[in-house]
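Some notes on the structure that comes next.
Derivation of every value follows stated rules applied to the coordinates shown; laboratory data play no part. Only a predicted model underlies this, so the values are computations on that prediction, with no experimental measurement involved. Positions of Cβ are generated from backbone atoms using ideal geometry, with glycine treated the same way; all protein chains shown enter the neighbour counts.
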Amino acid sequence: MSSEQQPAIVHEPAEIDWDRPGKHHYQVAFPLDGSWGYSLVPLTVINGRRGRSADNVLVVGGTHGNEWEGQVAVAGLCRDLDPDQLAGRVVLIPRLSESACAANSRWSPLDGVNMNRAFPGEPAGSVSYRIAHFVTSSVFPVVRVVVDIHSGGRDTRFPHVASFHPVADLPQRREMAEVATLFDTAFVMIYSSDMASGLLTDEAEAAGKITIGTEFGYGESVDRRGVQHGYEGVRNVLRHYRLLAEPVVRIDPERAAPARFIEAATLDGYLPAPRDGVWEPLIDPGDDVRAGQVVGRLHDFSSQVSSPLPIHAPRDGVVLMLHYPAVTTKGQTLFSVGQEVPF
Ligand SMILES: [Zn+2]
């Protein structure tokens, strides 16, 4: 079946056939809360004709609407993946918070909700909670591996990273670390579960899924190399689990070193701005820093002679997350510093 097949609009999860061989495009209709209309969430189900697999894969983009690499990469996979070459099941959702994507926003304009704080969702909640509930109750059960592709939006700069939380289950953690390297980024980020809850990845990890997040760009742009890491990284996941019968490929062949695993698992590695100001970073994401090093300055332009406030690294480590906007308010995280840990 060609990728130009028009998506079927479905109103109930039971109308989605998770087992039908071939590639089938849907738009899942979620009624709006305040008017006669729907959020139509795109969803593609591919069941490979080469056989079944125990390692079925879900890939999500557009959980945050102003992060574009995932939307571009996952939509490309919807068009390009060929069921004749696949085994197992691949489920693709290129624009999960479809209304936020349409608005280039981190939050849905329909209910003001950040989709990545709405999990596990609520069947009787506002539209974002109902979409999250659909993912938790209908999509997670039909896959084993979950990839959620993010970027820094307008808030944060990252180097390209694959990421996961420090889950307690060691076999799950080991497998997630291995899958994270398939995106062939210079860094793998192990990030704190304490900064926020209600993430898609929280729920997938709790359900025992092999769960990978990513950060593939920033600034509400489309990062060319970020799209490559997303698109080819997902294909590497399919190769790794033998859903595609071909070897894993390098995505950044010019980088000789293997991925460095950087863990910032506790909140004391995430530094808040001590006051309002204009943030001038003096390092780049991915830089090594030493304890006490000045990593940036907060300017106060109330007079041209007022001195900026230097911001110091609290410890040795690697800065992955770096505040992006110049204009900064007290309490916003300026950067995180993590420690290199063994694979
Ligand atoms: Zn995001």
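Taking the Cβ-Cβ separation of Q332 and T266 as r and a Förster radius of 22 Å, what is the calculated FRET efficiency to the nearest 0.05? Calculated transfer efficiency: 0.70. Mean sequence separation of contacting Cα pairs (under 8 Å, at least six apart), scaled by the length of the chain, corresponds to a relative contact order of 15 percent. Simple point charges give the picture: +1 on the Cβ of Lys and Arg, -1 on the Cβ of Asp and Glu, and for region 270-337 a dipole about the Cα centre of about 200 debye. Note on R52, R130: ascending count of other Cβ atoms within 10 Å places them as R52, R130, the fewest first.
Loop-located chymotrypsin sites (Phe, Trp or Tyr not before Pro) across region 17-121 with a Cβ neighbour count of 10 or fewer within 10 Å are W36, with loop assigned by DSSP. Projecting the Cα positions of L81, Y191, N56 onto the charge dipole of region 8-264 (unit charges on Cβ atoms of Lys, Arg, Asp and Glu, taken about the Cα centre) puts L81 furthest along the positive direction.
Computed about its Cα centre, the charge dipole of the chain is approximately 380 debye, with only Lys, Arg, Asp and Glu carrying charge at their Cβ.
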